[in-house]
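The values are calculated or read from the model by the stated rules, or taken from the named source; none is laboratory data. Being a predicted model, the structure only gives us computed values, none of them experimental. For neighbour counting, all protein chains shown are included, and Cβ atoms are generated from backbone atoms with ideal geometry for every residue, glycine included. Calculation scope for accessible area: heavy atoms of the full protein, side chains included, ligands and nucleic acids excluded. Shrake-Rupley method; radii C 1.70, N 1.55, O 1.52, S 1.80 Å.
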Amino acid sequence: MQSRILRGPLRRALRGAVVIAALTAAVLFGFPGQTRHFMQMLSGQDGSPDPVTIYPYNFTSKGIDYLVSPGLIAYLPPDAATGKLVLRQGYVPAPSDKGRLPVRWRYVTGANAPHESGTYTYGATLDLPAAPSKAAVLTLRFYPGGRIAARYTTHPEVAEHGNVDPALTGPDWKTNTPAAGQLR
C-alpha cells in the first residue's frame with residue numbers, strides 16, 4: 001500500500017522533476033552542437049570561428065619550432081619559404097583573442113630539432129584584423145633575429161622555383177619589433 005505522501009501533489013512534483021532531468025540530460029548529452037549554439041546565443045557570442053589555413057615561411061638557415069595559440073604546435077624546416085608547405089585548417093582563432101595572434105617560437109638545429117625540449121625563446125602577439133572572408137588564409141613569416149610578420153590574404157605567395165621574395169610586399173602586414181633573445 002502506498003503512503004498518502006506519495007499520492008497527489010508530491011507525486012506529480014516528483015514525476016515533473018524526473019521528466020525535467022531526463023530532458024536536460026538529453027539536451028546536454030544527446031545534442032551537444034545545438035546545446036553549444038543555444039548557450040552561445042544566451043551569452044551573446046557569435047558562432048565558433050572557422051578554422052584558418054596557414055602558409056608558413058621560414059627565411060632562416062635553422063629550423064623553427066613554433067606555437068600559434070591556442071593549440072597549434074608545428075615545425076618548419078630551414079629555408080622552407082616556397083609557399084608549398086600548407087597547414088590546412090591549422091589554426092582556430094580563440095574568440096577571446098579578438099584579432100590578436102599570439103605566436104611563440106625558437107630556432108632549432110639538427111635532425112631531432114622538433115623534439116628538442118625547452119622553452120620558446122621568442123614570442124610576439126600581432127594585432128591582425130579579422131579574416132576578410134572564409135577564403136582567407138594566414139600567411140606567417142619567420143625571419144632571423146626573432147622577427148615575424150603575418151597577414152590574412154586570399155592569394156598566398158607560392159614560388160615555382162626556390163623561395164618567395166622575403167620582402168613584405170602588399171598591404172596589411174603586421175610585424176613585431178624583437179629584442180634580442182627575449183620572450184615578449
Neighbours by Cβ (under 8 Å, 6+ apart or cross-chain): first from the range 151-167, within 14 Å of residue 137 (Cβ to Cβ); second outside any loop (DSSP other than H, G, I, E, B) and open to solvent by 70 Å² or more (accessible area, probe 1.4 Å): 151/174
Hits in the range 101-119 (condition: at pLDDT below 85 and outside any helix (DSSP H, G or I)): 109, 110, 111, 112, 116, 117, 118, 119
Residues that are part of a loop (DSSP other than H, G, I, E, B), touching a Lys or Arg at 6+ places or on another chain (Cβ under 8 Å) and of a type outside the set (A, V, I, L, M, F, W, C), drawn from the range 52-69: 69
